[in-house]
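A.B. asks: Just dropping this structure here.
The values are calculated or read from the model by the stated rules, or taken from the named source; none is laboratory data. Note that the coordinates shown come from a computational prediction; the quantities given were computed from them, not determined experimentally. Every residue, glycine as well, gets a Cβ built from its backbone with ideal geometry; the counts of neighbours run over all protein chains shown. Areas reflect the complete protein model, heavy atoms only, side chains present, ligands, DNA and RNA absent. Shrake-Rupley method; radii C 1.70, N 1.55, O 1.52, S 1.80 Å.
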Amino acid sequence: MIDYQKILFEIQEEIKPFMSQGKVADYIPALGGVDPDQFAMSITLFDGTTYHIGCSDTKFSIQSISKVFTFSKSLNIYSKELYNRVGKEPSGNPFNSLVQLEYEKGKPRNPFINAGAIVITDTLLSHYKTTDDTFTKVLDFIKEVADNKEITYDEEVCLSEYRHGFRNLALANLMKSFGNLDNEVEDVVKTYFKHCSITMSTKELSRAMLFLANHGTDPISKRQFSTVNQAKRVNAMMLTCGHYDASGEFAFHVGLPGKSGVGGGIVAVVPKLMSIAVFSPRLNVWGNSLAGTQALELFTQKSGLSIF
Ligand code: GLN
C-alpha cells in the first residue's frame, strides 16, 4: 500500500528550492498581496480518506479552476450543442491571448482559455437569465460537488479584477462583434470575474473534484453530477487544455488531467482512485503554480500513479 502521508511530507521538503521561484499574479492587484510563501497539498480518496500537508485549510482564489465547474454545468445543460460556440482543441497560446480569436472569427479554441470560459458563462447566463441567479447556480453546483455549504467568494478580488480586466473585456467585446456572445458584455464579464473569485482550500478542492475521478458520480455521496460521457470530456479537456500553452508540459511531467488557476491552485484527477489539489501562489511563465506543478510531478513519480 502506498504511504500517501509520507509522500506528502517528502514533497514538502523537496519543493523548498522551487518555492522562491516564479511570480504572484499581480495583474489582479488584490491577488498581488497574497503571501507568496504558502504551500498546501490535499488528497481525497474514494472512501473519503484524506491526506494533507501545509496550509490545507487556507482559502485562496480558485480563479480558472472555476472553469472546470462552469464547463461541467454548461455541458449538463447544452450537451454537444455547446461546441457550436466553443472548440475542444488546445490553443497553444497564453490564457488571455486575443490573436487567435480574431483569426478564428470569435470562436474560442476551448472552454479553459479565458475567451472560452467567457462564452461558457454567457451560455449559463442565457439559461439562468440574471447575473445573480447564474452566479448562485454556479456556486450551488460547487457547494454540492464539494459537499460543503460554506463556500463563498471574495468581493475584493472580484472588484479588483473588474477594475483591471481590460483584456477580458476586450476578449468579450471581440466575441460580441463576431456574434458569439448573446448577453451584454458587462453582465457576462462581471459574472465570469465573480466565479473566478470563489475561494476554496486544497482540502475543499480535492473533495470537489472527486466526481470527475469517478465518471461523473461522487463516490462518497453517490450523487451523479455529470454523465459518464460528460465527465470523460471534462477530463480530456483538462488533460489537453487545462494548463494553456503548458498543457503538453503538464501532461509530459505530471501525466494527469489537471486544471490550474492564477490564484496558485491546481487540481488533478487520478481516475478511479483520488483527486488532488495543490496551492502555492508563485506562478511560472505560463501562469501556473510553479511549486504546485513541481509537487504534482513529484507525487506521480513517487506514487507511480498516472493515466499513462
Ligand atoms: N480571472 C483570471 C483572468 O481572467 C483567470 C485566469 C487564470 O486563472 N488563468 O485573467
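A.B. asks: What is the range 34-148's relative contact order, in percent, from Cα pairs under 8 angstrom and six or more apart in sequence? It would help to have the intermediate numbers written out before the result.
C.D. replies: On the way: 96 pairs, mean separation 23.1, N = 115.
So the answer I get is 20 percent.
A.B. asks: Right, next: Could you work out the Kirkwood radius for the chain, taking every pair of different alpha carbons, averaging 1/r and inverting it, reported in Å?
C.D. replies: Every distinct Cα pair counted, the radius reaches 18.9 Å.
A.B. asks: For Ile220 and Glu81, compute 0.36 nm times the residue count separating them, minus their Cα-Cα distance, and round to one decimal in nm. Show your work: numbers first, answer last.
C.D. replies: On the way: separation 139, 0.36 × 139 = 50.04 nm, distance 3.07 nm.
The Ile220-Glu81 span can extend by a further 47.0 nm.
A.B. asks: Based only on Cα atoms, what mean projected area does the convex hull of the range 153-296 have, in nm²?
C.D. replies: So the mean shadow area of the Cα hull is 9.6 nm².
A.B. asks: Output needed for the range 128-180: three equivalent-ellipsoid semi-axes, defined as square roots of 5 times the C-alpha gyration tensor eigenvalues, in descending order, whole Å.
C.D. replies: Listed largest to smallest, the semi-axes of the range 128-180 are 26, 16, 9 Å.
A.B. asks: When the dipole is taken about the Cα centre of the range 126-267, and only Lys, Arg (+1) and Asp, Glu (-1) are charged at their Cβ, what size is it in debye, to the nearest 20?
C.D. replies: 440 debye
A.B. asks: Using θ = phi - 60° and the Karplus form 6.51 cos²θ - 1.76 cosθ + 1.60, what ³J(HN,Hα) does each residue of the range 136-149 get, whole Hz, x for Gly and Pro?
C.D. replies: With coefficients 6.51, -1.76 and 1.60, one gets 4, 5, 5, 4, 4, 4, 5, 4, 5, 5, 8, 6, 8, 7 Hz.
A.B. asks: Could you tell me the accessible area of Met274 in Å² (1.4 Å probe, neighbours in place), rounded to the nearest ten?
C.D. replies: Rounded to the nearest 10, that gives 0 Å².
A.B. asks: A further question follows. Mind giving me the nanometre distance, one decimal, between the label points for Thr130 and Asp47, set 7 Å out from Cα along Cα→Cβ?
C.D. replies: Result: 4.7 nm between the two label points.
A.B. asks: Also: Starting from the Cα of Ser20, step 7 Å along the direction of its Cβ; do the same at Glu102; then give the gap between the two resulting points in nm.
C.D. replies: 4.2 nm
A.B. asks: Tabulate in residue order the Karplus-calculated ³J(HN,Hα) for the range 249-266, using 6.51 cos²θ - 1.76 cosθ + 1.60 with θ = phi - 60°, rounded to whole Hz; enter x for Gly and Pro.
C.D. replies: In residue order, the calculated couplings are 4, 5, 4, 5, 8, 9, x, 9, x, x, 9, 9, x, 6, x, x, x, 9 Hz.
A.B. asks: Give, as a single signed number, the net charge of other residues whose beta carbon lies under 11 Å from the beta carbon of Glu297, with Lys and Arg counted +1 and Asp and Glu -1.
C.D. replies: Numbers: positive: Lys302; negative: Glu14, Glu249.
Overall, the nearby charge balance is -1.
A.B. asks: Excluding ligands, DNA and RNA, what is the solvent-accessible area per residue of the range 129-230 at a probe of 1.4 Å, expressed in Å²?
C.D. replies: For the range 129-230, the solvent-accessible area averages 45 Å² per residue.
A.B. asks: A follow-up question, please. Which value in Å is the Kirkwood Rh of the range 116-232 over different Cα pairs?
C.D. replies: Kirkwood radius, the range 116-232: 15.3 Å.
A.B. asks: For Met200, which sequence-distant residues (separation of 5 or more, or a different chain) have an amide H within less than 5 Å of its own amide H, given hydrogens modelled in the peptide plane?
C.D. replies: Phe60, Ile62
A.B. asks: Stick to Cα atoms and the Kirkwood definition of Rh, then tell me Rg/Rh for the range 39-133.
C.D. replies: So for the range 39-133, dividing Rg by the Kirkwood Rh gives 1.07.
A.B. asks: Expressed as a rounded percentage, what relative contact order does the chain have, with Cα pairs under 8 Å and six or more residues apart?
C.D. replies: Relative contact order for the chain comes out at 28 percent.
A.B. asks: Here's a follow-up. How many lysine pairs in the range 1-135, separated by 8 or more positions in sequence or lying on different chains, have Cα atoms less than 26 Å apart?
C.D. replies: So the count works out to 25.
A.B. asks: Rounded to the nearest 20 Debye, what is the dipole magnitude of the chain about its Cα centre when Lys and Arg each give +1 and Asp and Glu each give -1 at the C-beta?
C.D. replies: So the magnitude is around 760 debye.
A.B. asks: Given axes a ≥ b ≥ c from the Cα gyration tensor, I'd like to know whether the range 110-150 is rounded (a/c under 1.5), prolate (a/b larger than b/c) or oblate.
C.D. replies: oblate
A.B. asks: Given a 1.4 angstrom probe, I'd like the percentage of the accessible area of the range 1-49 that is carbon and sulfur, rounded to a whole number.
C.D. replies: 58 percent
A.B. asks: Check Ile151: other-chain or 5+ apart residues with amide H under 5 Å from its amide H, H built from backbone geometry?
C.D. replies: Sorted by chain and number, the residues that satisfy this come to none at all.
A.B. asks: So for the chain, taking the charge dipole from beta-carbon charges (+1 Lys/Arg, -1 Asp/Glu), which of Leu45, Ser280, Pro108 sits furthest toward the positive end?
C.D. replies: Value computed over the given set: Pro108.
A.B. asks: Give a quick list of trypsin sites (Lys or Arg not before Pro) in the range 178-231 that DSSP marks as loop, anything other than H, G, I, E or B, with at most 11 other Cβ atoms within 10 Å.
C.D. replies: Numbers: sites: Lys190, Lys194, Lys203, Arg207, Lys222, Arg223; in loops: Lys222, Arg223.
When the trypsin sites (Lys or Arg not before Pro) of the range 178-231 are filtered for loop state and at most 11 Cβ neighbours within 10 Å, Lys222 remain.
A.B. asks: Per-residue ellipticity at 222 nm for the chain, helices alone: DSSP H runs ≥ 4 residues times -39500 (n - 2.57), over residue total, nearest 500 deg cm²/dmol?
C.D. replies: Only helices count here, giving -14000 deg cm²/dmol.
A.B. asks: Which one, Leu139, Leu125, Asn84, projects farthest toward the positive side of the charge dipole computed for the chain from Cβ point charges (K/R +1, D/E -1)?
C.D. replies: With unit charges placed on the Cβ atoms, the residue in question is Asn84.
A.B. asks: Report, in whole Å, the centroid distance computed from the Cα atoms of the range 217-232 and the range 267-304.
C.D. replies: Cα centroid of the range 217-232 versus Cα centroid of the range 267-304: 22 Å apart.
A.B. asks: Run the dipole for the range 58-153 about the Cα centre, Lys and Arg Cβ at +1, Asp and Glu Cβ at -1, nothing else charged, and hand back the magnitude in debye, nearest 20. Please report the intermediate quantities before stating the final value.
C.D. replies: Working: 13 positive and 11 negative charges, 33 e Å.
Computed about the Cα centre, the dipole is about 160 debye.
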